[in-house]
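Below is one structure, written out as structure tokens; comments come after it.
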Amino acid sequence: MARKKQYNEEEVIKKAMGLFWRNGYEATSVRMLEKEMGINQFSIYASFKNKQGVFLESVKHYKIEINAIKEKLQKSNNGVIGIKQYFYDFLEFSKEGTLQKGCLVTNSVNEIKEDADPIVMIELKKFANEIRTLFVSNLKQDDQRVVILIEKQADFLMNTLLGLSIASKVFNLDQLENIIEVTFSNL
């Protein structure tokens, strides 16, 4: 007879997500996960199979948490203004008190090694492409925008968002807002 879990999976995944968010995928060990999640290694393996399984569940939870600002962008009919608001919303979303944590996905991609786990990389790229697709659809709302440039502008915006995520861990709010304002003045 299987033993009943003595923990709530959603709660322990939320804790794991926070750890991955702070450290990235590669720098987070199973021992660190045990301590952060408050469960032993056996429970981690029984519920999630391995560190990769915990990370993939953490990314799913992250997507749920960020969904509010993604949905706002998805429902936006303001074109570039909607995208700009997403950047500001992202800064607010990625705050923990006065600390800026950046983006779980960006932090992980930034520290991941060349021979990274392909399943993890697929999930990270999938997340980034979801945001990029929203940028494309919002850029297409502007009838004056040249279609051939929309894909390039979406790439530029993704690059800026990734940079903003990293910069948010170092720069103050005024500097981050300057990045956003200059980005959109050139679009």
Quiz item: What are the pairs, 6+ residues apart or on separate chains, where a residue within the range 146-165 that is free of Cβ contacts under 8 Å to residues at least 40 places away in the same chain has its Cβ under 7 Å from a residue that is open to solvent by 20 Å² or more (accessible area, probe 1.4 Å)?
Solution: Ile150/Lys140; Gln153/Leu187; Ala154/Arg132; Met158/Ala128; Met158/Arg132
Quiz item: Tell me, which residue of the range 135-175 that is aromatic (Phe, Trp, Tyr) and modelled with pLDDT of 95 or more is nearest to Asn77 (Cα to Cα)?
Solution: Phe135
Quiz prompt | Condition check for Phe42: free of Cβ contacts under 8 Å to residues at least 12 places away in the same chain, out of contact with any strand residue (DSSP E or B) (no Cβ under 9 Å at 6 or more places or on another chain) and aromatic (Phe, Trp, Tyr) | solution = yes
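The values are calculated or read from the model by the stated rules, or taken from the named source; none is laboratory data. What you see is a predicted model, and the numbers here were worked out from it, not measured in a lab. Counting neighbours? That spans all protein chains shown, and the Cβs are built from the backbone with ideal geometry, glycine included. Only protein heavy atoms, including side chains, enter the accessible area calculation; ligands, DNA and RNA are left aside. Shrake-Rupley method; radii C 1.70, N 1.55, O 1.52, S 1.80 Å.
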